[in-house]
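For reference, the structure discussed in these notes is given below.
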Amino acid sequence: MTYNDSFQDRIANAAKAREKALAKLKAKAPLDPKVVAERVERQKQREAREAEKAEAKRVRREAEAAEKEAKAAASAPLSAEELKARRDARYAARKARR
């Protein structure tokens with residue numbers, strides 16, 4: 001291909017390249033069914049491993065979320081009654097020390 005090629009020349013060159021690629025593809029040996037079956041089996045095993053990992057990751061995330069919620073519930077602000085009960089307990093402990 002040169003600078004002076006016409007459109008018709010480029011079309012012809014593209015057609016020749018297409019024919020050459022098609023001939024190369026047709027000359028290729030067919031795949032062995034045994035090899036294809038092995039590849040399919042490996043792909044299935046790989047997908048199964050990935051699914052197991054994804055499930056384990058989901059379960060771990062859910063456990064972490066539940067733990068975080070439990071921690072947040074435990075450290076929630078205390079009600080007025082609970083604050084009063086703690087204050088009274090400190091007061092009683094201080095009186096007992098005297």
Subject >> Every residue from segment 1-52 that is among the acidic types (Asp, Glu) and either outside any helix (DSSP H, G or I) or touching a Pro at 6+ places or on another chain (Cβ under 6 Å) (or both) >> reply: 5, 32
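Condition check ((1) under 45 Å from the mean Cα position of the chain (by Cα); (2) in a helix (DSSP H, G or I); (3) surrounded by 10 or more Cβ atoms within 10 Å (Cβ to Cβ)) across all residues:
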{"site": "55", "(1), (2), (3)": "yes, yes, yes"}
{"site": "60", "(1), (2), (3)": "yes, yes, yes"}
{"site": "65", "(1), (2), (3)": "yes, yes, yes"}
{"site": "68", "(1), (2), (3)": "yes, yes, yes"}
{"site": "73", "(1), (2), (3)": "yes, yes, no"}
{"site": "76", "(1), (2), (3)": "yes, no, no"}
{"site": "81", "(1), (2), (3)": "no, yes, no"}
{"site": "89", "(1), (2), (3)": "no, yes, yes"}
{"site": "93", "(1), (2), (3)": "no, yes, no"}
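Throughout, read-outs are computed from the coordinates displayed, never taken from laboratory work. For clarity, every value in this text was computed on a predicted model and none was experimentally measured. All Cβ positions, even for glycine, are placed from backbone atoms using ideal geometry, and neighbour counts span all protein chains on display.
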